[in-house]
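A.B. asks: What follows is a structure written as structure tokens; I'll ask about it next.
The values are calculated or read from the model by the stated rules, or taken from the named source; none is laboratory data. Just so it is clear, the structure is predicted and the values come from calculations on it, not from any experiment. Counting neighbours? That spans all protein chains shown, and the Cβs are built from the backbone with ideal geometry, glycine included.
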Ligand SMILES: Cc1cc2nc3c(=O)[nH]c(=O)nc-3n(C[C@H](O)[C@H](O)[C@H](O)COP(=O)(O)O)c2cc1C
């Protein structure tokens, strides 16, 4: 699949089959995160692969998010801001940017594997800290279910390019 086909094909998937995901597939997806660029190559992130169903349900206890826990795997991407590059001009910590790039590598690699994902940021960070027993220097930033899609959502609309891009 060409890169352009891949980014066209990706969707946020919110229904998953019960079919399990092979460890090889998950490893390739994690490897894609490992190859992501990061500011000063600091790689200030850590990925949790949550396969245990009880842990998945503990992360997403609400009825409205049961579909996330129902996927065979949930990935939780955490940042380690203490390791991230900080821009000296304004003190901006780049951990969130590095994590977002790694997470999107995850999402695109999963698409290549024929697996569905959905970026999830609407979660309780303190609950994640407790359930995953995160050390104080790790911050949960994003999660995604990972599994075989049980739906084929249509493409969501995007703004026109003219609205998004300025040519000078
Ligand atoms: C940073 C970020 C956070 C998101 N958080 C959630 C979320 O908590 N729950 C959810 O169902 N979708 C979430 N989404 C998915 C978006 O709703 C989705 O990407 C958007 O509607 C476009 O649809 P598409 O991904 O199918 O193109 C998130 C996406 C991003 C990039």
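A.B. asks: Looking at region 33-68, which of its residues are touching a helix residue (DSSP H, G or I) at 6+ places or on another chain (Cβ under 9 Å), assigned to a loop (DSSP other than H, G, I, E, B) and either modelled with pLDDT under 95 or within 16 Å of the ligand (Cβ to nearest atom) (or both)?
C.D. replies: Passing the criteria: 36, 60, 61.
A.B. asks: Taking residue 110, is it within 14 Å of the ligand (Cβ to nearest atom) and assigned to a strand (DSSP E or B)?
C.D. replies: no
A.B. asks: Which of the residues spanning region 120-139 are buried (at least 16 other Cβ atoms within 10 Å of the Cβ) and within 16 Å of the ligand (Cβ to nearest atom)?
C.D. replies: Answer for region 120-139, where residues must be buried (at least 16 other Cβ atoms within 10 Å of the Cβ) and within 16 Å of the ligand (Cβ to nearest atom): 120, 123, 128, 139.
A.B. asks: Does region 23-32 include one or more residues that are in a loop (DSSP other than H, G, I, E, B), in contact (Cβ under 8 Å) with a residue 12 or more places away in the chain, crowded, with 19+ Cβ neighbours inside 10 Å and at negative phi?
C.D. replies: No, every residue in region 23-32 fails to be in a loop (DSSP other than H, G, I, E, B), in contact (Cβ under 8 Å) with a residue 12 or more places away in the chain, crowded, with 19+ Cβ neighbours inside 10 Å and at negative phi.
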